[in-house]
Amino acid sequence: MSSLITPIDIASTLPFIVLCLFGMVVLLLEVFQRQGQSRSYLAYVSAVGFATAAFSAWLLMGVEGQLVFHDMNYIDGFSKVTALLMCTAGAVTCLIAPRYLAELNADRGEFYALILFSAGGMIMMVSAADFIVFFMALELMSIAVYALAAYVRSSRVAAEAGFKYFLMGAFASAIMLYGIALVYGATGTTNLAAIGQLLSYGAASGSVDPALLLSKVSEQGALAGAAGYDTTTGDLLMLNYGSGTANMPLLYLGITLVIVSAVFKVGAVPFHMWLPDAYSGAPSPVGAFMASAVKAAAFASLLRLLALAFFDYELRMGPMGWVQVTFFLALLSMAIGNLVAIAQTSVKRMLAYSSIAHTGYMLVAITAMGYGVGDLDLGASVVFYLFAYVFGTVGAFGILAYLTRSRYYVERFSDLNGLGYRYPALGVAMTLFMLSSAGIPPTAGFIAKFQVFKAAVIAYGAGVEAGEPGALLLLALVVSGILFSVVGVYYYLKVIVHLYMRDPVREVTASDSGPARVGISVCAIATLVIGLFPGPLLNLSEQAMSQMEGRHDGVYVQYEDGAPIEDLQRLMREGSR
Amino acid sequence: MQDIPIYEFTLLGWIALLPLLGAIFNGILGARLPRALVSTVAAGAMGVAFILSIVAVWTLFQGRFEGADGHTLYGALYHNVFTWFEVGSLRVDFELLLDPLSAVMILIITGVGFLIHVYSIGYMEGDRSWWRFFTYLNFFVFAMLMLVLGDNLVVLFLGWEGVGVASYLLIGFWYEDDEKASAGKKAFIVNRVGDFAVLLALFLLVIYAGSLSVVELREWASTLSPAQVTALGGVLTAICILLFIGCTGKSAQIPLFVWLPDAMAGPTPVSALIHAATMVTAGVYLIARLNFLFVLSPTAMTLIAVIGGLTAFFAATIGVVQNDIKKVLAYSTVSQLGFMFLAVGVGSFFAGVFHLMTHAFFKALLFLGAGSVIHGMHHEQDIRRMGGLKDYMPITRWTFLVGCLAIAGFPLFSGFFSKDEILWYTLANVHLLGGVNLSWFLWFLALGTAFLTAFYMFRLYFLTFEGECRADEKTRSHIHESPLAMTLPLVVLAVLAGFGGFVGIPPVLGNALGGLPNVMHDWLYQVIGPGEAFFAYRFEGYGMAWMSMAAATASGIGGIALAWLFYGKPSDVPGAMAEKAAAVHRILSNKYYVDEFYAATVGRGVTLLGRVCHRLVDELLIDTLLVNGTARLMGFLGSVLRVVQNGQVQRYVAFVFLGIAIILYLVLR
Amino acid sequence: MLSLPLSWYLMLSATLFVMGALGLLLRRNAIVAFMCVEVMLNAVNLTFIAFSKYHQDYTGQVFVFMVIAVAAAEAGIGLAMIVNMFRHKHSVQVDEATLLRH
Amino acid sequence: MGAETIFFFLFGGGAILSTLGVLLSRNPINSAISLVVSFFFLAGIYAMLSAHLNAIMQIMVYAGAIMVLFVFVLMLLNFGDEEHEKPRLNPTQIISLLVGAALLIAMFSAATAFVDGSRQVFHPSMPPGFGGVEAIGHALLTSYVLPFEMAAVLLLVGIVGAVVVAKRRF
């Protein structure tokens, strides 16, 4: 280690640093704020913070992708693009919050600070190169969001939602940690890319030159940080994983626990139970933040995790590889999410279940990504879907927040009756968000669904060509996905029906907040513009996927028995000396 | 096939944009503006769009030249608005394309659309949501123009969804009425069922053809070798059938036709424009547009023909027993749409589009006439309580009669020509399904439909306009002819319905009359040529063609005569005759026996299929599963959720724990 | 010294982990349920430390250090939530928090 | 049976028994005390595994700070006897017990199947100072400086969050 921290280290984590700095600034401003003064300017300060972070991420687009901070973190296209996503969601959340908080007598600066810190955690999570950073970032994000969920102390519902969310989250964290520990035990490293390379090597045998493999492994610089290789006498026992004597239950146990808890975070059925309670119990702006930014971060990091560490053919397509798991989770999520959403009377809960359904659609793309030979570029459809989804969701929650006034929460469908005429712009915006969520052109959601299902059909085509078994199941997944999205139209339409085709039962007055108007308009315009001109964003999401550093497409060799393992061990030993 | 030149033409963008601008203007400001301004803007936008369409079509016409095979070609006009998205090799341009086929369509859409806008000014007078109506109507026209002008199938799909949304909004326009609101919902959901099939077809096309642009698809299809076609056979059939499923939803064919009769809940101009003249014909348009693709799958083609023929026939039988003036027209629309699908299914894309056009004229006319009647009789729709209206509303009566003659296929009226073409091609081409040639079967089906059509349409005419007025005194005192804004479009449409058929004189007549050209066919040849090239006549000479025409004419006139016999004869049958054959007299004078007969035989027997569809699709799928069934679903979900989502966090953890255990078991077993 | 098989330590940690998970599932007192999460975290730490020694690699131990820091932060937040809930309901019974359902 | 085995069973058995105490004692205060005891036993195990710094951390941070916080809250809320819950089992809980047992079996078999029996033991020689303050400290401030810094932010968020959630008044 020549130097502790290099300038590129600092530069690459600039978005995170900026967000943390703004978080602290907001905390300090809050300290010097007198009681009873309005804090809504802090919303602008935080929005500026997010804009600065997004801008720094944008500036870093030009930097070549690489490992930084002693192989702990990546600076690459993927982390920067997803950082933009998180910053947008965070900024809009901050904009819709102030008047809502003031109406509930909870207007405090800590809210914005927590949002900023949490977004910082997300940015680190999607750029993590090591399980340690991944876990720390996950906790940084989660702990801030736990606090936000229970932020409105006067609300009994929020208190309960926060507690439940926290308890489930802590449980999931423990599960994930146990999984990480087992994976670490089985491979000897916590570096994501190194794990991926090692697993892949273990599954391989026969036809590749171990020296070539080793050079590829060290090109990535991944193994350099794995101390197990350069300090010991060289008993590389972790390489026992392999297809011949294959089964290494500990490793599979660990991987399963890690993937399951990651899937828990995105809220896929059957690990979804926390989600409706958390989204609907939390204050609307926090619901918006959870449904958009947190979910986006969880999905993006799931992509990173799968692409770097667990993309080996055996792991994906083996007798019970994760493709099968995501297949069923996708199917269940689409089914349960859409069907249960129909039965809801609360818009917020409906949005929560619909968010589960969206999880299902994105899992379809992830299944497609992992299917067959495995085409990581198909993950771009998930990134694009996240953008479309974030705007639609944060906007819809934002409208609920915008309509909430002094302790009367606008949550039920009937609260929206006739509002389309009373607030025409708001009605149009809500209609746009619903159409986008339902996937009706020309909104962003249509292109997103198109991309996701197209990805699955492409994977099906490639699977048929490669003679993979069960390719037809993938097509069945697409068919059921489209059918369930037809079901979904019903409840999105219900919102529009209530907006325009029911007479108001109660006078709902909007809180009439300027920042919220800005935030909602941004989402509405983005939803429409992305729908009409999706080109740049499609390019951006493709770029994100193709420029993901350390992604597992170096080694695709299939070994048939464990023979060359000894060779590799020898080579590595020699190489490390 | 010769390459078709394409010219840039910016005006196309404006044709589509004008109705959208009208919709946006009225949507935002309409509530605060005076009624006259709202309607002027809406109808004005349509009028200008119509004029621009004429200009565009004229420009297209000017560019004609003689193709390599001796046919006149016109090329195409395009305007690339922008590149919508570009992913990998797939590039979706938001490109508008005007070729002879879309030229016919935009003339119908903007022309008939303009007339119906004018008519609506009279019809919707006094409605409190006047501006909303015109906003939706303009928006519909915009979406419909997207559908027919889009070169890319994704743009077409955008219009396809857009017309669905507009139709939903307009059917449920009087949403205060729950039944009407749910009719709108039903239409939308049935259409979504079809839309998903279209989406799947698009995905398959992306994979196998690599493009969704019609121009490029046509190139792709023309370069396929016979061996490739054989290899791709299953996929091509799947694509065609999936597209056709979408068409059955949008164009109300078996089994998805159930939404259209309910859609009559909307205002009558809407029924005329959307549910008769334009939107429901989108399916026919799609198949004609992609004819080069469909002909590659004979199975799909025959299936389309059979479904179309059956729909035509069964909808006609249902039409016979309806008593609601709009319901009769609705089933007649389903039936005529079946005719069009029969036409495209038997390989005569020209006849399909030709009938689409004549149908747009006479069905819009009939609907508007019905609207005029309903307007005049203060929202009375039951024909059993009408009669004798010819004295009260002469213009409506005469125009309506023209419409009836046209749809009945009375010689030299527009319907005569298009229907004859369809019958002829049905007979002349070979349609194999499972090795059996279905030509004669389909031909008789179509002939029967023609007969039934003539019969129920004139039943409608006689019951409405002839005989004694059966309305109560109060209503009768108010019956009046409609205002000029409504009668003017009727007259214009009556002229079109009367003489519109002469653009498509069949070769058999044309030859006999000294070489009159089939203008319509020549005009469309550029688009439908590749499709038609796949079929060859079975018969030499014109003998069978004369036979077919004679049979069609006879069945049409026979239907009219029978209707006159049952419903049109003066009620005072000479007494002498009554004495001689009292029983016959009783039967003849008591025309209700006929209805009872139909109710007993046709109503119960032949309409079984219709009922099965109704049960399966409407009641089971839509009502039970989606609309009313949500209550039951909610109950069921509630009981499940009470167990799962009971609010106890420890139970949630337990389920997560269980889920992990199950997955681990599967992974580690 | 140091002759025990690795699997013994792994089995010990697995036992503790499952005990913690079951405690979280079965104990109705929120604070005790939360303590069980700490038990689970400790089981994880034990696994990390055993593997760390097995691989002679510091990563595991560093991870444990981080887990302890996270546990501290989680404890702060979690106890604050429990206090907050107690203020509303005057009870910390987990199964009484059922305002949100279906 | 060497000294290590004895210590293993002493500490391990003690940890399991005291964790059982956490699960089974009716009074939350007793649970908390049992948990502290369990932490001490685990610290012993850590020391056996050459994780000296972590053993100390375990006692200082876990037992000394975190558990004190638990006890404070227990005393603050002071719900006394009403929280003495009756042990009762409903179907869900029976299922979870079964699932727990199944998981335990899976983990045991996975643990014993990890590498073949002959190589199950630890390497006899350890690098000097393994697990000591210097080694871990060096690692924390070089390779792992990023997570280390993030831990700082995390703790700040923990404090702010706790204050936000638990403060009595705005």
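The values are calculated or read from the model by the stated rules, or taken from the named source; none is laboratory data. Source: prediction; values computed, not measured. Positions of Cβ are backbone-derived with ideal geometry, glycine not excepted, and every protein chain shown enters the neighbour counts. Heavy atoms of the whole protein, side chains included, go into the accessibility calculation; ligands, DNA and RNA do not. Shrake-Rupley method; radii C 1.70, N 1.55, O 1.52, S 1.80 Å.
Which order do peptides A:458-471, B:117-130, B:226-239 fall in by mean Cβ count within 10 Å, highest first? Don't skip to the end; give the middle numbers.
Numbers: A:458-471: 17.1, B:117-130: 19.6, B:226-239: 14.5.
Output ranking for A:458-471, B:117-130, B:226-239: B:117-130, A:458-471, B:226-239.
Long-range amide H contacts for A:Asp130: which residues qualify at under 5 Å (H placed 1.01 Å from N, peptide plane, sequence gap of 5 or more or a different chain)?
HN-HN under 5 Å from A:Asp130: A:Leu192.
Calculated from DSSP H runs of 4 or more alone, at -39500 (n - 2.57) each and per residue, what is the 222 nm mean residue ellipticity of chain A, nearest 500?
Details: 25 runs with 403 residues, N = 577.
After summing the helix terms and dividing by the residues of chain A, the value is -23000 deg cm²/dmol.
Can you bin chain B into rounded, prolate or oblate? Criterion: square roots of the alpha carbon gyration tensor eigenvalues sorted a ≥ b ≥ c, rounded for a/c under 1.5, prolate for a/b above b/c, oblate for the rest. Let's see the in-between values first.
Values: a/c = 1.38, a/b = 1.17, b/c = 1.18.
Taking the square roots of the gyration eigenvalues as a ≥ b ≥ c, chain B is rounded.
Measure out, as a whole number of angstrom, how far apart the alpha-carbon centroids of the stretch B:139-180 and the stretch B:439-484 sit.
Between the Cα centres of the stretch B:139-180 and the stretch B:439-484 lies a distance of 30 Å.
Give me, ordered by chain and number, the residues 5 or more places off B:Phe413 or on other chains with an amide H under 5 Å from its own placed amide H.
Residues meeting the criterion, in which the H sits 1.01 Å from N, do not exist here.
Assigning unit charges at the beta carbon (Lys, Arg +1; Asp, Glu -1) and nothing else, what dipole magnitude in debye, to the nearest 20, does the protein assembly as shown show about its Cα centre?
Values: 79 positive and 89 negative charges, 837 e Å.
Roughly 4020 debye for the protein assembly as shown.
Got a number for the accessible area of B:Arg289? Probe 1.4 Å, square angstrom, nearest 10.
Counting only protein heavy atoms, B:Arg289 exposes about 10 Å² to solvent.
Within 10 Å of each candidate Cβ there may be at most 16 other Cβ atoms; applying that plus a DSSP loop requirement, which chymotrypsin sites (Phe, Trp or Tyr not before Pro) in the stretch A:10-116 survive? Present the calculation step by step, with values, prior to reporting the outcome.
Values: sites: A:Phe16, A:Phe22, A:Phe32, A:Tyr41, A:Tyr44, A:Phe50, A:Phe55, A:Trp58, A:Phe69, A:Tyr74, A:Phe78, A:Tyr100, A:Phe111, A:Tyr112; in loops: A:Phe32, A:Phe69.
Listed in order of number, the matching sites are A:Phe32.
For the cross-link pairs B:Lys326/B:Lys390; B:Lys327/B:Lys474; B:Lys185/B:Lys250; B:Lys363/B:Lys390; A:Lys348/D:Lys167; A:Lys295/B:Lys185, which exceed 22 Å when the distance is taken from alpha carbon to alpha carbon?
Details: B:Lys326/B:Lys390 18 Å; B:Lys327/B:Lys474 25 Å; B:Lys185/B:Lys250 14 Å; B:Lys363/B:Lys390 20 Å; A:Lys348/D:Lys167 28 Å; A:Lys295/B:Lys185 32 Å.
Going by Cα-Cα distance, B:Lys327/B:Lys474; A:Lys348/D:Lys167; A:Lys295/B:Lys185 fall outside the 22 Å limit.
So with the 1.4 Å probe, I'd like the accessible area per residue for chain B, rounded to whole Å². Kindly include the intermediate steps, with their values, before the conclusion.
Values: 23130 Å² over 669 residues.
Accessible area per residue: 35 Å².
Hey, can you grab everything whose amide H is under 5 Å from the amide H of B:Thr83? Only 5+ residues off in sequence or another chain; H modelled, so Pro and N-termini drop out.
The list, which skips near neighbours in sequence, is B:Phe94.
Quote to one decimal, in nm, the extra length available between B:Trp564 and B:Trp546 on full extension: 0.36 nm per residue of separation minus the C-alpha distance between them.
Working: separation 18, 0.36 × 18 = 6.48 nm, distance 2.67 nm.
Gain on extension, B:Trp564 to B:Trp546, equals 3.8 nm.
How big is the D-A contact in terms of buried accessible area, both chains counted, 1.4 Å probe, rounded to the nearest 100 Å²?
Looking at D and A, the buried total is near 3400 Å².
When Cβ neighbours within 10 Å are restricted to other protein chains, what is their mean count per residue of peptide B:195-208?
Working: counts 4, 7, 2, 0, 10, 6, 0, 4, 11, 4, 0, 5, 7, 1.
Other-chain Cβ atoms within 10 Å of each residue's Cβ, averaged: 4.
Please give, to one decimal in nm, the separation of the simple spin-label points placed at B:Leu488 and D:Ala113, each 7 Å out from Cα toward the Cβ.
Simple spin-label model gives 8.5 nm for this pair.
With axes computed from alpha carbons, what is the tilt in degrees of helix A:14-31 against the longest principal axis of chain A, rounded to the nearest 10 within 0 to 90?
40 degrees
Using alpha carbons only, how many degrees (0 to 90, rounded to 10) separate the axis of helix A:210-219 from the longest principal axis of chain A?
It is inclined by approximately 40 degrees.
Would any residue of the stretch A:446-464 have its amide N under 20 Å from a label point 7 Å out along Cα→Cβ of A:Val373? List them or say none.
Flagged as within label range: A:454-464.
With +1 on the Cβ of every Lys and Arg and -1 on the Cβ of every Asp and Glu, and nothing else charged, how large is the dipole of chain A about its Cα centre, in debye rounded to the nearest 20?
It works out to roughly 2420 debye.
Compute the FRET efficiency between A:Val505 and B:Glu179 as 1/(1 + (r/R0)^6), taking r as their Cβ-Cβ distance and R0 = 22 Å, and round to the nearest 0.05. Let's see the in-between values first.
Numbers: r = 21 Å, r/R0 = 0.96.
The calculated FRET efficiency here is 0.55.
Give me the net charge of B:Val155's neighbourhood, meaning all other residues with Cβ under 10 Å from the Cβ of B:Val155; Lys, Arg count +1, Asp, Glu -1. Each step should come with its number before you reach the end.
Values: positive: none; negative: B:Asp93, B:Glu95, B:Asp151.
Around B:Val155, the charge tally is -3.
I'd like the Karplus ³J(HN,Hα) series for the stretch C:50-61: coefficients 6.51, -1.76, 1.60, θ = phi - 60°, whole numbers in Hz, and an x wherever there's a Gly or Pro.
5, 5, 4, 5, 4, 8, 6, 9, 6, 3, x, 5
Averaged over C:87-95, how many beta carbons belonging to a partner chain fall within 10 Å of each residue's beta carbon?
Working: counts 7, 8, 3, 3, 4, 7, 4, 7, 8.
Whole-number average of other-chain Cβ neighbours for C:87-95 is 6.
Report the one residue of B:Phe85, B:Val41, B:Leu52 whose Cα lies farthest in the direction of the positive end of the charge dipole of the stretch B:1-112 (charges on C-beta: Lys and Arg +1, Asp and Glu -1; origin at the Cα centre).
B:Val41
Per the 1.4 Å probe, what fraction of the accessible area of chain A, in percent, lies on carbon and sulfur atoms?
62 percent
Assuming a ≥ b ≥ c are the square roots of the Cα gyration tensor eigenvalues, decide whether the stretch D:1-80 counts as rounded (a/c under 1.5), prolate (otherwise, with a/b larger than b/c) or oblate.
Working: a/c = 5.53, a/b = 1.70, b/c = 3.25.
Oblate, because a/c is 1.5 or more while a/b does not exceed b/c.
Separation of the stretch A:181-197 and the stretch C:24-82 by C-alpha centroid, Å?
20 Å
Measure out, as a whole number of angstrom, how far apart the alpha-carbon centroids of the stretch B:12-49 and the stretch A:245-324 sit.
Centre-to-centre distance over Cα atoms comes out at 50 Å.
Averaged per residue, what accessible surface does the stretch D:129-170 expose to a 1.4 Å probe, in Å²?
Values: 1810 Å² over 42 residues.
The answer is 43 Å² per residue.
Based on Cβ point charges of +1 for Lys and Arg and -1 for Asp and Glu, what charge dipole magnitude is obtained for the stretch A:321-546 about its Cα centre, in debye rounded to the nearest 20?
Here the size comes out at about 840 debye.
Hey, got the average number of other protein chain Cβ atoms within 10 angstrom for residues in A:147-157?
On the way: counts 13, 3, 2, 9, 3, 0, 11, 3, 2, 7, 4.
Averaged over the peptide's residues, the number is 5.
Can you work out ³J(HN,Hα) from phi for every residue in the stretch A:357-366, in order, using Karplus 6.51 cos²θ - 1.76 cosθ + 1.60 and θ = phi - 60°, giving whole Hz and x for Gly and Pro?
4, 4, 3, x, 4, 5, 5, 4, 5, 5
Is the shape of the protein assembly as shown best called rounded, prolate or oblate, per the rule: a/c under 1.5 gives rounded, else a/b larger than b/c gives prolate, else oblate, with a ≥ b ≥ c the square roots of the Cα gyration tensor eigenvalues? Working shown, then result.
Numbers: a/c = 2.46, a/b = 1.98, b/c = 1.24.
Prolate is the answer for the protein assembly as shown, as a/c is 1.5 or above and a/b outweighs b/c.
PRE reach from A:Thr6 (point 7 Å along Cα→Cβ): which of the stretch A:70-87 fall under 19 Å by backbone N?
A:70-77
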